[in-house]
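A.B. asks: One structure follows; several queries about it will come next.
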């Protein structure tokens, strides 16, 4: 359906739910998921020996249970594997009492000390030992981590595959777990019955081949591959940052070689969604030569080459990237993130203590724990409503099994309330405003020269943090540095909003290609600096374009494969001029069918406009500054109205 967007204060503030600058999100892992394997099923597994532990050389059958044995291959560098720590602990608790023993094998070159520490961090209650020589992986014909194998009391393999259907692809989760394959196999085993589904498709991170034959050294790691990894990957894929594994050494690159090639060739890494638009200054992409280099390196056996050919290591700054801020606001105490479950969104209310209005010309976000902070959205609130929600959450009686705890209050997506301009202490300032956002790899954000965002006195920063879980308990205290204008701001920054849905919009259940669109018109001449489309989980594609009076349409951004987890602001390499009266259009396709793996409802339900992730919305956000005396505060919904 088509409609001119109605943009009032409430709609604009609702739209700011999605404002995010520079979001890249956590890296994905592994190559294409393998097919179901039936290798070694109904065959006795040999008594593989492992590396010496405390002077003894244990073998597979030393860990055998009376009724059976679960052998699961894990990697502490694989986020899919780590996410199953709690599930495996629960299964162990249930079935160890029924005569089943559990053993985890780690088919990486991790030291015994690191394996022991990680097993303790993830609270794994069964033996976890190294399979660095891949002898056990070869015996079981294991393919990925995590992959589970169930042996009966005669050491015959009766089940192999996934633990459950939490994932349908690498780091791609189903809305809910409906099939618990490992549990079902153990139920059958302990009841003396045949396993009804003895092989399922395991999804995770590939186990590297036991031997890799080098066929040529025309492309080497140190001379050719490392510069590419330094340029495009190491800002996130390094210890202590959001990348689920590091790519700092030859061994690390060797372990993930097939994944590197698969995800760069498919353009999923580095993450970059636009298929059309002007030149973007924050574009992340590899050149054709870089793609060919990585593919040839992997194809020829991943030769290391001469370390003397390597470039100097990249030095990553430890302090504030933009210099010492004028004001630092910080979450007052540790927020504890539970080990498992759906990702959580938390709002923290941070007082500024400002006694006068300030223009923010730059900001920088520093997570206390970069491994769990997926991204942030940064707001300011002048109404005090966020503070009231935080107080209510603090005073709420907590349930005994709540894993997330600490300051702030939980939200679905936005702020937890719909601002009303009547609540603002002064009519000339917004009730709620946006200060952009942060995502991994972003080194701070500066607004264009002579521009900035007005931060009213006594306003409170509301920091919405999206936390993803690592499979073990984590904690975080994020802080934000604000940089104030030292000279007059001549061109105040404005976030222009065009909406494509109204509060009456309905997306029918089962409809795979539901189109929504909307338009609005600029009120004055302006330079456009950035564009960001925003939808929820049903979105499939989205385009934002502009048509100047009497001119031709220009595409500002076109995303053919929308992914809610990979949204960001796209910054133009050069400002795009929009003459007064320019029409801004946003158009999107939604998939509310059962074929959409992101659909939060199964079976699909009628979906309405709203803030919840089970609702939908459609907005286009544009960062703008005026080019003349007139300030561009809003977009008109009707081009003929003054």
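A.B. asks: Do we find a residue being touching a residue at least 60 places away in the same chain (Cβ under 8 Å) and either part of a strand (DSSP E or B) or surrounded by 23 or more Cβ atoms within 10 Å (Cβ to Cβ) (or both) anywhere in region 58-65?
C.D. replies: No, region 58-65 contains no residue that is touching a residue at least 60 places away in the same chain (Cβ under 8 Å) and either part of a strand (DSSP E or B) or surrounded by 23 or more Cβ atoms within 10 Å (Cβ to Cβ) (or both).
Matching residues to (1) outside the structural domain of residue 245 (by TED's automatic domain parsing); (2) within 22 Å of residue 74 (Cβ to Cβ); (3) touching a helix residue (DSSP H, G or I) at 6+ places or on another chain (Cβ under 6 Å):
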| position | (1), (2), (3) |
| --- | --- |
| 177 | yes, yes, no |
| 182 | yes, yes, no |
| 189 | yes, yes, no |
| 192 | yes, no, no |
| 196 | yes, no, no |
| 216 | yes, no, no |
| 227 | no, no, no |
| 231 | no, no, no |
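A.B. asks: Here's another thing I want to ask about it. Among the residues of region 565-573, is any at pLDDT below 95, farther than 21 Å from residue 495 by Cα and touching a strand residue (DSSP E or B) at 6+ places or on another chain (Cβ under 9 Å)?
C.D. replies: There is at least one residue in region 565-573 that is at pLDDT below 95, farther than 21 Å from residue 495 by Cα and touching a strand residue (DSSP E or B) at 6+ places or on another chain (Cβ under 9 Å).
A.B. asks: Within region 492-501, is there a residue that is more than 30 Å from residue 577 (Cβ to Cβ), over 21 Å from the mean Cα position of the chain (by Cα) and touching a residue at least 24 places away in the same chain (Cβ under 8 Å)? Steps first, answer last, please.
C.D. replies: Looking only at region 492-501, we keep the residues that are more than 30 Å from residue 577 (Cβ to Cβ), and these are none.
No, every residue in region 492-501 fails to be more than 30 Å from residue 577 (Cβ to Cβ), over 21 Å from the mean Cα position of the chain (by Cα) and touching a residue at least 24 places away in the same chain (Cβ under 8 Å).
A.B. asks: Let me ask you something else. Being assigned to a strand (DSSP E or B) and out of contact with any strand residue (DSSP E or B) (no Cβ under 8 Å at 6 or more places or on another chain) is the filter here; which residues of region 138-176 pass it? I'd like the intermediate steps shown before the answer.
C.D. replies: Here is the first cut: in region 138-176, the residues assigned to a strand (DSSP E or B) are 144-145, 147-152, 156-161, 167-169, 172-173.
If the condition is that a residue be assigned to a strand (DSSP E or B) and out of contact with any strand residue (DSSP E or B) (no Cβ under 8 Å at 6 or more places or on another chain), then 168, 169, 172 are the ones that fit.
A.B. asks: Also, quick follow-up: Among the residues of region 400-422, what is the count of those that are within 23 Å of residue 492 (Cα to Cα) and in contact (Cβ under 8 Å) with a residue 40 or more places away in the chain? Quick ask: steps written out before the conclusion?
C.D. replies: Keep residues of region 400-422 that are within 23 Å of residue 492 (Cα to Cα), which gives 419-422.
Still in the list and also in contact (Cβ under 8 Å) with a residue 40 or more places away in the chain: 419-421.
Total satisfying the criteria: 3.
A.B. asks: Kindly list the number of the only condition in (1) outside any loop (DSSP other than H, G, I, E, B); (2) within 30 Å of residue 318 (Cβ to Cβ) that fails for residue 370.
C.D. replies: Evaluating residue 370 over (1) outside any loop (DSSP other than H, G, I, E, B); (2) within 30 Å of residue 318 (Cβ to Cβ) leaves (1) as the failure.
A.B. asks: Continuing with this model, one more query. Taking the conditions exactly as written (surrounded by fewer than 19 Cβ atoms within 10 Å (Cβ to Cβ), assigned by TED's automatic domain parsing to the domain that holds residue 77 and either touching a residue at least 60 places away in the same chain (Cβ under 8 Å) or farther than 20 Å from residue 74 by Cβ (or both)), does residue 138 satisfy them or not?
C.D. replies: So residue 138 fits the description; yes.
A.B. asks: Sticking with this structure for a sec: Taking region 572-600 only, how many residues are part of a loop (DSSP other than H, G, I, E, B) and either over 24 Å from the mean Cα position of the chain (by Cα) or within 13 Å of residue 511 (Cβ to Cβ) (or both)? Write out each step before concluding.
C.D. replies: Our first condition is that a residue be part of a loop (DSSP other than H, G, I, E, B); within region 572-600, this holds for 579-582, 591-600.
Cutting the leftovers down to either over 24 Å from the mean Cα position of the chain (by Cα) or within 13 Å of residue 511 (Cβ to Cβ) (or both) gives us 579-582, 591-596, 599.
Looking only at that region, the number is 11.
A.B. asks: Find all pairs meeting these conditions: Cβ atoms under 7 angstrom apart; at least six residues apart or on different chains; first residue within region 87-103 and without any contact (Cβ under 8 Å) to a residue 40 or more places away in the chain; second residue in a helix (DSSP H, G or I) and exposed (fewer than 15 other Cβ atoms within 10 Å of the Cβ).
C.D. replies: none
A.B. asks: Which of the residues that make up region 417-432 are assigned to a loop (DSSP other than H, G, I, E, B) and surrounded by 13 or more Cβ atoms within 10 Å (Cβ to Cβ)? Talk me through it step by step, then tell me what you get.
C.D. replies: Going through region 417-432, the residues assigned to a loop (DSSP other than H, G, I, E, B) turn out to be 417-420, 424-431.
Correct list: 417, 418, 419, 420, 424, 425, 429, 430, 431.
A.B. asks: So, residue 231, is that one under 18 Å from residue 309 (Cα atoms) and either assigned to a loop (DSSP other than H, G, I, E, B) or within 22 Å of the chain's Cα centre (by Cα) (or both) or not?
C.D. replies: yes
A.B. asks: What helices (runs of 4 or more DSSP H) completely inside region 246-314 contain at least 3 residues that are closer than 30 Å to residue 544 by Cα, out of contact with any strand residue (DSSP E or B) (no Cβ under 8 Å at 6 or more places or on another chain) and in the same structural domain as residue 439 (by TED's automatic domain parsing)?
C.D. replies: Working: elements: 250-255, 257-265, 288-299.
Because the criterion is at least 3 residues that are closer than 30 Å to residue 544 by Cα, out of contact with any strand residue (DSSP E or B) (no Cβ under 8 Å at 6 or more places or on another chain) and in the same structural domain as residue 439 (by TED's automatic domain parsing), no helices (runs of 4 or more DSSP H) in region 246-314 meet it.
A.B. asks: While we're here: If residue 532 passes every condition in (1) farther than 24 Å from residue 345 by Cα; (2) surrounded by 17 or more Cβ atoms within 10 Å (Cβ to Cβ); (3) under 24 Å from the mean Cα position of the chain (by Cα) but one, which one does it miss?
C.D. replies: In the conditions (1) farther than 24 Å from residue 345 by Cα; (2) surrounded by 17 or more Cβ atoms within 10 Å (Cβ to Cβ); (3) under 24 Å from the mean Cα position of the chain (by Cα), residue 532 misses (1) alone.
A.B. asks: Residues to consider are 170, 238; find the one that is in the same structural domain as residue 255 (by TED's automatic domain parsing), within 30 Å of residue 367 (Cα to Cα), within 20 Å of the chain's Cα centre (by Cα) and surrounded by 13 or more Cβ atoms within 10 Å (Cβ to Cβ). Walk me through it before giving the result.
C.D. replies: Working: 170 fails: in the same structural domain as residue 255 (by TED's automatic domain parsing).
Testing whether each residue is in the same structural domain as residue 255 (by TED's automatic domain parsing), within 30 Å of residue 367 (Cα to Cα), within 20 Å of the chain's Cα centre (by Cα) and surrounded by 13 or more Cβ atoms within 10 Å (Cβ to Cβ) leaves just 238.
A.B. asks: Out of 32, 52, which single residue is touching a helix residue (DSSP H, G or I) at 6+ places or on another chain (Cβ under 8 Å), surrounded by fewer than 23 Cβ atoms within 10 Å (Cβ to Cβ), outside the structural domain of residue 113 (by TED's automatic domain parsing) and at pLDDT below 90?
C.D. replies: Numbers: 52 fails: touching a helix residue (DSSP H, G or I) at 6+ places or on another chain (Cβ under 8 Å).
Just one listed residue meets the conditions, 32.
A.B. asks: Oh, and also: Being farther than 29 Å from residue 257 by Cα, in a helix (DSSP H, G or I) and touching a strand residue (DSSP E or B) at 6+ places or on another chain (Cβ under 7 Å): is that true of residue 390 here? Before you say what the answer is, go through the steps one by one.
C.D. replies: Details: farther than 29 Å from residue 257 by Cα: yes; in a helix (DSSP H, G or I): yes; touching a strand residue (DSSP E or B) at 6+ places or on another chain (Cβ under 7 Å): yes.
Criteria met by residue 390.
A.B. asks: Please find, within region 66-80, the residue that is surrounded by the most Cβ atoms within 10 Å (Cβ to Cβ) out of those that are touching a helix residue (DSSP H, G or I) at 6+ places or on another chain (Cβ under 6 Å) and over 30 Å from residue 236 (Cα atoms). Break it down stepwise before answering.
C.D. replies: Here is the first cut: in region 66-80, the residues touching a helix residue (DSSP H, G or I) at 6+ places or on another chain (Cβ under 6 Å) are 67-68, 74-76.
Of the ones still in play, those that are also over 30 Å from residue 236 (Cα atoms) are 67-68.
Details: 67: 17, 68: 24.
Once the filter is applied, the top-ranked residue is 68.
A.B. asks: Checking residue 469 against (1) crowded, with 20+ Cβ neighbours inside 10 Å; (2) part of a strand (DSSP E or B), only one condition comes out false. Which one?
C.D. replies: The one condition residue 469 does not meet is (2).
A.B. asks: With a cut-off of at least 3 residues that are modelled with pLDDT under 95, name the strands (runs of 3 or more DSSP E) lying wholly within region 476-553. Steps first, please.
C.D. replies: Working: elements: 479-484, 494-499, 514-522, 526-534, 539-547.
Of the strands (runs of 3 or more DSSP E) lying wholly inside region 476-553, those with at least 3 residues that are modelled with pLDDT under 95 span 494-499, 514-522, 526-534.
A.B. asks: Right, next: Being over 27 Å from residue 493 (Cβ atoms) and crowded, with 24+ Cβ neighbours inside 10 Å is the filter here, so list the residues in region 535-562 that pass it. I'd like the intermediate steps shown before the answer.
C.D. replies: First, pick out the residues of region 535-562 that are over 27 Å from residue 493 (Cβ atoms): 537-538, 540-541, 550, 552, 560-561.
538 - this is the single residue of region 535-562 that is over 27 Å from residue 493 (Cβ atoms) and crowded, with 24+ Cβ neighbours inside 10 Å.
The values are calculated or read from the model by the stated rules, or taken from the named source; none is laboratory data. Owing to the predicted nature of the structure, the values given are computational and were not obtained by experimental measurement. Glycine also receives a Cβ, built like all others from the backbone with ideal geometry; neighbour counts cover every protein chain displayed.
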